[in-house]
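The structure appears right after this line, and notes come after that.
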Amino acid sequence: KHTDLMTSDFSSTQINDFVNTQGDSFLTLAPALNWTHDTLNRAIFPNKGGQQRFSALATLPGISDLTYYKVSYKHQLYFPLAKDFTFRLHGEAAYGDGYGDTDNLPFFENYFGGGTGSIRGFRNNTIGPLDSNNFPLGGSSKIIGNAELFFPVPFLSETKSVRLGTFFDVGRIGNSLGLSDMKYSAGLSGEWLSPFGALSVSAAVPLNAE
(Lines give C-alpha, C1' and ligand atoms only; values in the text may rest on other atoms or scores of the structure.)
Protein backbone atom coordinates (compact mmCIF):
# COMPACT_ATOMS: atom_id res chain seq x y z
CA LYS A 1 0.00 0.00 0.00
CA HIS A 2 1.30 3.43 -0.96
CA THR A 3 0.10 6.34 1.16
CA ASP A 4 0.65 10.07 0.52
CA LEU A 5 -0.38 12.65 3.13
CA MET A 6 -1.03 16.30 2.37
CA THR A 7 -1.45 18.80 5.21
CA SER A 8 -2.94 22.27 5.24
CA ASP A 9 -3.26 25.24 7.57
CA PHE A 10 -6.28 23.48 9.08
CA SER A 11 -4.54 20.18 9.84
CA SER A 12 -4.63 19.17 13.49
CA THR A 13 -1.61 19.23 15.77
CA GLN A 14 -1.62 15.41 15.90
CA ILE A 15 -1.40 15.08 12.12
CA ASN A 16 1.31 17.72 11.81
CA ASP A 17 3.34 16.07 14.58
CA PHE A 18 3.06 12.71 12.81
CA VAL A 19 4.19 14.14 9.47
CA ASN A 20 7.09 16.03 11.08
CA THR A 21 8.26 12.83 12.79
CA GLN A 22 7.49 10.11 10.25
CA GLY A 23 7.25 11.93 6.90
CA ASP A 24 4.37 12.17 4.45
CA SER A 25 4.87 9.31 1.97
CA PHE A 26 4.91 5.62 2.90
CA LEU A 27 5.12 2.25 1.23
CA THR A 28 3.93 -0.66 3.39
CA LEU A 29 3.60 -4.40 2.83
CA ALA A 30 1.33 -6.03 5.41
CA PRO A 31 0.56 -9.77 5.20
CA ALA A 32 -2.75 -10.56 6.94
CA LEU A 33 -4.30 -13.62 8.56
CA ASN A 34 -8.07 -14.05 8.80
CA TRP A 35 -10.06 -16.87 10.42
CA THR A 36 -13.85 -17.33 10.62
CA HIS A 37 -15.96 -19.98 12.35
CA ASP A 38 -19.70 -19.80 11.62
CA THR A 39 -22.41 -21.99 13.18
CA LEU A 40 -25.42 -19.72 12.57
CA ASN A 41 -28.52 -21.63 11.53
CA ARG A 42 -29.23 -19.11 8.77
CA ALA A 43 -27.60 -16.07 7.23
CA ILE A 44 -30.58 -13.69 7.69
CA PHE A 45 -32.57 -13.45 10.94
CA PRO A 46 -30.58 -16.20 12.72
CA ASN A 47 -31.88 -17.41 16.08
CA LYS A 48 -29.36 -20.07 16.98
CA GLY A 49 -25.61 -20.60 16.76
CA GLY A 50 -22.72 -18.19 16.65
CA GLN A 51 -19.94 -16.65 14.65
CA GLN A 52 -16.29 -15.93 15.45
CA ARG A 53 -13.85 -13.86 13.44
CA PHE A 54 -10.16 -13.25 14.10
CA SER A 55 -7.83 -11.12 12.00
CA ALA A 56 -4.24 -9.95 12.31
CA LEU A 57 -1.80 -8.04 10.15
CA ALA A 58 1.69 -6.63 10.50
CA THR A 59 3.85 -4.59 8.16
CA LEU A 60 7.15 -6.19 7.22
CA PRO A 61 10.27 -4.44 8.55
CA GLY A 62 12.97 -3.60 6.05
CA ILE A 63 10.37 -3.31 3.29
CA SER A 64 7.79 -1.06 4.92
CA ASP A 65 8.39 2.59 5.79
CA LEU A 66 6.07 2.22 8.80
CA THR A 67 6.14 -0.78 11.11
CA TYR A 68 2.94 -1.57 13.00
CA TYR A 69 0.52 -4.40 13.71
CA LYS A 70 -3.24 -4.79 14.26
CA VAL A 71 -5.28 -7.64 15.76
CA SER A 72 -9.05 -7.96 16.19
CA TYR A 73 -11.57 -10.52 17.41
CA LYS A 74 -15.38 -10.63 17.08
CA HIS A 75 -17.79 -13.11 18.63
CA GLN A 76 -21.58 -13.22 18.50
CA LEU A 77 -24.04 -15.79 19.87
CA TYR A 78 -27.78 -16.29 19.34
CA PHE A 79 -29.93 -18.04 21.95
CA PRO A 80 -33.56 -19.08 21.23
CA LEU A 81 -35.48 -18.28 24.43
CA ALA A 82 -39.04 -19.09 23.39
CA LYS A 83 -41.14 -19.13 20.25
CA ASP A 84 -39.93 -16.22 18.09
CA PHE A 85 -37.89 -14.73 20.97
CA THR A 86 -34.12 -14.63 20.45
CA PHE A 87 -31.33 -13.20 22.59
CA ARG A 88 -28.12 -12.01 20.92
CA LEU A 89 -24.74 -11.28 22.49
CA HIS A 90 -21.99 -9.62 20.49
CA GLY A 91 -18.47 -8.63 21.51
CA GLU A 92 -15.58 -7.09 19.63
CA ALA A 93 -12.04 -6.19 20.69
CA ALA A 94 -9.22 -4.75 18.58
CA TYR A 95 -5.78 -3.36 19.24
CA GLY A 96 -2.89 -1.95 17.22
CA ASP A 97 0.51 -0.43 17.92
CA GLY A 98 3.78 0.47 16.31
CA TYR A 99 7.05 -1.39 16.68
CA GLY A 100 10.63 -0.80 15.64
CA ASP A 101 11.09 2.78 14.44
CA THR A 102 7.35 3.51 14.52
CA ASP A 103 6.31 4.54 18.03
CA ASN A 104 2.52 4.30 17.69
CA LEU A 105 -0.19 3.08 15.39
CA PRO A 106 -0.42 5.60 12.50
CA PHE A 107 -3.44 7.86 12.95
CA PHE A 108 -4.94 6.80 9.61
CA GLU A 109 -5.07 3.20 10.88
CA ASN A 110 -6.99 4.13 14.05
CA TYR A 111 -10.21 2.45 15.16
CA PHE A 112 -13.48 4.36 15.47
CA GLY A 113 -16.73 3.73 17.29
CA GLY A 114 -20.23 5.05 17.67
CA GLY A 115 -23.30 4.81 15.47
CA THR A 116 -24.65 2.06 13.26
CA GLY A 117 -23.13 -1.35 13.89
CA SER A 118 -21.32 -0.07 16.96
CA ILE A 119 -22.75 1.94 19.89
CA ARG A 120 -26.09 3.16 18.65
CA GLY A 121 -27.39 6.51 19.89
CA PHE A 122 -24.03 8.21 19.35
CA ARG A 123 -23.13 9.88 16.07
CA ASN A 124 -21.01 7.77 13.75
CA ASN A 125 -17.34 7.54 14.73
CA THR A 126 -17.60 10.18 17.50
CA ILE A 127 -16.62 8.04 20.50
CA GLY A 128 -13.00 8.31 21.62
CA PRO A 129 -10.16 10.83 21.48
CA LEU A 130 -10.53 14.14 19.66
CA ASP A 131 -7.79 16.02 17.82
CA SER A 132 -6.79 19.64 18.42
CA ASN A 133 -9.65 20.75 16.14
CA ASN A 134 -12.19 18.77 18.19
CA PHE A 135 -12.75 16.26 15.41
CA PRO A 136 -12.75 12.50 16.08
CA LEU A 137 -9.22 11.11 15.86
CA GLY A 138 -9.92 7.49 16.73
CA GLY A 139 -7.67 5.33 18.86
CA SER A 140 -5.44 2.29 18.83
CA SER A 141 -7.86 0.10 20.80
CA LYS A 142 -11.55 -0.72 20.52
CA ILE A 143 -13.96 -2.60 22.77
CA ILE A 144 -17.62 -3.02 21.76
CA GLY A 145 -20.38 -5.07 23.39
CA ASN A 146 -24.05 -5.47 22.46
CA ALA A 147 -26.93 -7.36 24.06
CA GLU A 148 -30.20 -7.52 22.13
CA LEU A 149 -33.54 -9.25 22.55
CA PHE A 150 -35.50 -9.88 19.34
CA PHE A 151 -39.24 -10.50 19.37
CA PRO A 152 -42.12 -10.56 16.83
CA VAL A 153 -44.22 -7.54 16.00
CA PRO A 154 -47.23 -7.48 18.35
CA PHE A 155 -50.42 -8.75 16.68
CA LEU A 156 -48.31 -9.77 13.65
CA SER A 157 -46.46 -12.74 15.13
CA GLU A 158 -47.05 -14.83 12.01
CA THR A 159 -45.09 -12.35 9.91
CA LYS A 160 -41.59 -13.83 9.62
CA SER A 161 -40.04 -11.03 7.54
CA VAL A 162 -40.15 -8.40 10.32
CA ARG A 163 -38.89 -8.47 13.90
CA LEU A 164 -38.34 -5.93 16.63
CA GLY A 165 -35.67 -5.73 19.30
CA THR A 166 -34.54 -3.95 22.43
CA PHE A 167 -30.84 -3.52 23.07
CA PHE A 168 -28.07 -2.30 25.33
CA ASP A 169 -24.75 -1.20 23.79
CA VAL A 170 -21.45 -0.48 25.51
CA GLY A 171 -17.94 0.34 24.30
CA ARG A 172 -14.90 2.55 24.23
CA ILE A 173 -12.24 3.79 21.82
CA GLY A 174 -8.87 4.72 23.31
CA ASN A 175 -5.11 4.53 23.08
CA SER A 176 -4.64 1.93 25.79
CA LEU A 177 -6.24 -1.34 26.84
CA GLY A 178 -8.76 -1.01 29.64
CA LEU A 179 -12.39 -0.51 30.55
CA SER A 180 -12.32 3.14 31.59
CA ASP A 181 -14.43 5.81 29.88
CA MET A 182 -16.99 3.30 28.64
CA LYS A 183 -20.02 4.68 26.80
CA TYR A 184 -23.50 3.19 27.12
CA SER A 185 -26.75 3.41 25.19
CA ALA A 186 -30.11 1.64 25.05
CA GLY A 187 -32.97 1.61 22.60
CA LEU A 188 -35.28 -0.19 20.21
CA SER A 189 -34.53 -1.74 16.83
CA GLY A 190 -36.44 -3.12 13.89
CA GLU A 191 -35.39 -5.45 11.07
CA TRP A 192 -37.25 -6.07 7.82
CA LEU A 193 -36.45 -8.63 5.16
CA SER A 194 -37.56 -6.42 2.28
CA PRO A 195 -37.60 -7.20 -1.47
CA PHE A 196 -34.41 -5.10 -1.64
CA GLY A 197 -32.60 -7.06 1.07
CA ALA A 198 -32.41 -6.95 4.86
CA LEU A 199 -32.97 -3.46 6.30
CA SER A 200 -32.58 -2.34 9.90
CA VAL A 201 -33.41 0.80 11.84
CA SER A 202 -32.82 1.72 15.46
CA ALA A 203 -33.66 4.49 17.91
CA ALA A 204 -31.32 4.82 20.87
CA VAL A 205 -30.59 7.11 23.80
CA PRO A 206 -27.00 7.66 25.01
CA LEU A 207 -26.89 6.99 28.75
CA ASN A 208 -23.69 8.93 29.50
CA ALA A 209 -23.08 11.29 26.57
CA GLU A 210 -20.84 14.32 27.02
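Laid out as a table, the results:
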read-out	value
Condition broken by G114, with the remaining ones in (1) surrounded by 13 or more Cβ atoms within 10 Å (Cβ to Cβ); (2) in contact with a Leu (Cβ under 9 Å, 6 or more places away or on another chain); (3) of a type outside the set (D, E) satisfied	(2)
Some residue of the range 116-125 being within 27 Å of L33 (Cα to Cα), at pLDDT 95 or above and not small (G, A, S)	yes
Yes/no for L33 being out of contact with any helix residue (DSSP H, G or I) (no Cβ under 7 Å at 6 or more places or on another chain) and assigned to a strand (DSSP E or B)	yes
Residues (open to solvent by 80 Å² or more (accessible area, probe 1.4 Å) and either over 17 Å from A93 (Cα atoms) or part of a loop (DSSP other than H, G, I, E, B) (or both)) located in the range 45-60	K48
The range 162-174: number of residues that are touching a residue at least 40 places away in the same chain (Cβ under 8 Å) and more than 15 Å from T86 (Cβ to Cβ)	6
So L40, is it farther than 30 Å from E148 by Cβ, touching a Lys or Arg at 6+ places or on another chain (Cβ under 9 Å) and part of a loop (DSSP other than H, G, I, E, B)	no
Qualifying positions in the range 25-57 - touching a residue at least 40 places away in the same chain (Cβ under 8 Å) and hydrophobic (A, V, I, L, M, F, W, C)	F26, I44, F45
Residue that is of a type in the set (A, V, I, L, M, F, W, C) and under 18 Å from E148 (Cα atoms), where the choices are A82, A30	A82
Number of the condition not met by T13 [criteria: (1) hydroxyl-bearing (S, T, Y); (2) under 19 Å from N104 (Cβ atoms); (3) surrounded by 11 or more Cβ atoms within 10 Å (Cβ to Cβ)]	(3)
Check on D84, at positive phi and in contact (Cβ under 8 Å) with a residue 24 or more places away in the chain	yes
Among residues of the range 61-78, those that are open to solvent by 60 Å² or more (accessible area, probe 1.4 Å), aliphatic (A, V, I, L, M) and assigned to a loop (DSSP other than H, G, I, E, B), counted	1
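Table: residues versus (1) in contact (Cβ under 8 Å) with a residue 24 or more places away in the chain; (2) open to solvent by 80 Å² or more (accessible area, probe 1.4 Å); (3) of a type in the set (K, R).
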| residue | (1), (2), (3) |
| --- | --- |
| N124 | no, yes, no |
| L130 | no, yes, no |
| G139 | yes, no, no |
| P154 | no, no, no |
| K160 | yes, yes, yes |
| S176 | yes, no, no |
| G190 | yes, no, no |
| F196 | no, yes, no |
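The values are calculated or read from the model by the stated rules, or taken from the named source; none is laboratory data. Because the structure is predicted, anything quoted here is derived from the model rather than measured. Glycine also receives a Cβ, built like all others from the backbone with ideal geometry; neighbour counts cover every protein chain displayed. For accessibility, only protein heavy atoms count, side chains too; no ligands or nucleic acids. Shrake-Rupley method; radii C 1.70, N 1.55, O 1.52, S 1.80 Å.
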